[in-house]
Amino acid sequence: MEYPKDAEGSEQTETVGNDVGNNRAALHEFKEAEGYLADIDDEHRGDLKTAKDGHTVLIPQPSDDPRDPLNWSPVKKHVILFIISFAAFLPDYGSATGAVMLIPQAAIWGLSPDTVNHSQAGNVFMLGAGGIFVVVLSAWAGRLPVLFYFLIVATATAAWCAAATTFESFMAARILNGFFGTVSQCGGLMFICDMFYFHERARKINIWSAFIILSPYMGPLLAAFIINTQPWPIAFWVYFVESALVLILTILFMEETYYDRRIAAEDQPPRGSRIAQLTGVAQFASRHLRNSFGQACMRSIRVILKPTVFLSCVYYLLTFAWVVGINTTLSIFLTPLYGFEAKQIGFFYFTPIVAALIGEIIGHWLHDAIAKRYIKTHKGHFDPEIRLHAIWFSTPFMIVGLVGLGFALENEYHYMATSVLWGLYVFGIMVTTVALNAYNLDCYPEASGEVSAWLNLSRTIGGFIISYFQVTWAEALGTKVSFGIQAGILASAFLVIIALQMFGRGLRIKSGALNFPTV
């Protein structure tokens, strides 16, 4: 719950306590980007709705309409969370499946592995670019139709990847698959924000992010075992089946989660049948209650112009780029260094998977513990910048992981040491990803899709760039120097986090609220 400010910027806690119960509707959304009142005692509660504990404020305040996604059953919410997380798992899974195909494809098509890697880079770039289109279309046409139609094309292009017989055809399929497959990586935060309260969101983002972080390691893991005995297209046919499964689950169980609680329950547009929601017919009938196409386009522009969002994207680009760069090229390093074949490369990917799972488990408690401690020691108040405290914990793991990996590859450490060092970096990036997404969602919950899309674009642009010269950079300078520089860039980027913690609140106040025509 937002808490208002007086002329000097100090908290008007008494005003909140006395008036908030009389004006619940006006305070149900975060407006002026300053902070939240997340905990309140019985004396000042008024008619505020709280969680079962009686003092945790429900943010946003739910309506009395059973159609409001905040009022859906926990089972229904978590089924939808699983589906969007599974859908978010697929793009990087499919992208990284190609990482272990470079050598067999190069042999078949008579190209160098570095040339074949261009299809990988093109796919990675489109994973980010497609997200901007996803959130624009979702703001205009509704969440569910965009998810449905994008998944149809993603499934079709997955089959095309498997059926391609030339490099040119394969590259075209990969580029289109990246563009349409990214739909839930960028749209996932919208569904989470629609269904879950402020005090629940970090845990749900942690689950959704775990699927995303795990996916680029699960792809090579399974693909390496498949191509050990089968032709390379079989791995992409498996990807097609997984994509088709997500599409079927979407058709059977997903619902439109957009709901404007500023509209009275009796004036809410009819939701329509499942088919009407899937195809967008129901949303089209109530299009006058949502953004126009021009307004939908401007939302993304206005969000990236917010200083805290822009700085977060810069930080994420400089931090996550190395994840993509390492993952898309590691087989090129491992094969000559350790004499690994496909099966050994597959086993090598167990470590980052375990690291990401450990990050998910620790993050499940860490992010909430940080928030609860701050709320408890600040009279129920919460500032979004507190989310960034978790990055102080994760940064040393990322730096040590990158530096150590560079030494391991150049000095030919035992492959188990190399694997563990890689895992340290993956663990750190898991914790960092959740903290950064939660921070930006807390700052601008009404722009959940837009902040997610820009963060996703920033990570993929970094990966797209580094994929082109990761191998040649290491060959020219050695992995000690190249990975050391990467670690240095990551450490320098941490200054952005410090700046956000020191000045983020002031920047948000000065830049003003988004004031979108619809929430």
Open item on the list: Stokes-Einstein diffusion coefficient for segment 326-460 at 20 °C in a medium of 1.002 mPa s, Rh from the Kirkwood formula over Cα pairs: what value in µm²/s?
Closed with: 129 µm²/s
Task: Likely footprinting exposure, K510, K306, fewest C-beta neighbours within 10 Å first - done: K510, K306
Task: Computed FRET value (nearest 0.05) for M416 with W392, which takes r as the C-beta separation and R₀ as 35 Å - done: 0.75
Open item on the list: With the cut-off at 19 Å, tell me which of the pairs K204/K372; K306/K372; K376/K510; K77/K376; K76/K204 have Cα atoms farther apart than that.
Closed with: K306/K372; K376/K510; K77/K376
Task: Stretch gain in nm, segment L495-L252, where the contour uses 0.36 nm per residue and the Cα spacing is subtracted - done: 82.9 nm
Task: For V324, V75, V400, order by how many other beta-carbon atoms lie within 10 Å, fewest first - done: V75, V400, V324
Task: Cβ-based exposure ranking for W160, W454, W365, in which fewest neighbours within 10 Å come first - done: W365, W160, W454
Task: Under 29 Å from the Cα of K343 - lysines, other chains or at least 8 residues apart - done: K480
Task: With 20 Å bins from 0: P(r) over the chain, alpha-carbon pairs, percent - done: 23, 55, 21, 2
- [ ] Determine one quarter of the surface area of the Cα convex hull of segment 79-149, which equals its mean projected area, and express it in nm² to one decimal.
- [x] 5.7 nm²
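The numbers here are math on the coordinates, done by the rules we state, and not lab data. Source: prediction; values computed, not measured. In this analysis, Cβ positions are derived from the backbone assuming ideal geometry, glycine residues included, and neighbour counts consider all displayed protein chains.
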